[in-house]
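S.K.: Before I ask anything, here is the structure I am working with.
The values are calculated or read from the model by the stated rules, or taken from the named source; none is laboratory data. Predicted model, so just to flag it, every value in this text is computed and none were measured. Cβ placement follows ideal geometry from the backbone for every residue including glycine, while neighbour counts extend to all protein chains displayed.
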């Protein structure tokens, strides 16, 4: 899927600032968000350093699972919207998927190495889903210009 948008310099600046703010919030939430937003959820993760088996969440209660699922989808949803709006050469779904996977895995590995979070393959999958949903939402609400 390829969508081409008409450029507007004032919107371009807004999207650049929005993207920078989003990346900052993403990293703050990824490394300090669990302990800031819910100490109980942090306690549920204590003693766990990684999960490389998809859908292996039997050790969590329903509240933790729901918070984790919805939160990880929503945190990457703006990425699927902002990437095509911020970068001219990133406008196809495979490009957005590739960047989403790389960014998510970078965060997961950094969380594991710094012990400020848990490496969880489910989070990477949910992050990817959020990014793809954001990309499709952008394409639903924008009027593409015809290609010549």
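S.K.: Identify the residue in the range 90-118 that is under 14 Å from residue 28 (Cα atoms) and over 16 Å from the mean Cα position of the chain (by Cα) and, among all such residues, is surrounded by the most Cβ atoms within 10 Å (Cβ to Cβ).
M.R.: Looking at residues that are under 14 Å from residue 28 (Cα atoms) and over 16 Å from the mean Cα position of the chain (by Cα), I get 116.
S.K.: Go through (1) modelled with pLDDT of 95 or more; (2) exposed (fewer than 12 other Cβ atoms within 10 Å of the Cβ) and name the single condition residue 54 misses.
M.R.: Residue 54 satisfies every listed condition except (1).
S.K.: Mind listing whichever residues of the range 119-139 are buried (at least 20 other Cβ atoms within 10 Å of the Cβ) and in contact with a strand residue (DSSP E or B) (Cβ under 8 Å, 6 or more places away or on another chain)?
M.R.: Correct list: 120 only.
S.K.: Hey, any hits in the range 105-127 for a residue that's under 16 Å from residue 18 (Cβ atoms) and touching a helix residue (DSSP H, G or I) at 6+ places or on another chain (Cβ under 7 Å)?
M.R.: No; the residues of the range 105-127 include none that is under 16 Å from residue 18 (Cβ atoms) and touching a helix residue (DSSP H, G or I) at 6+ places or on another chain (Cβ under 7 Å).
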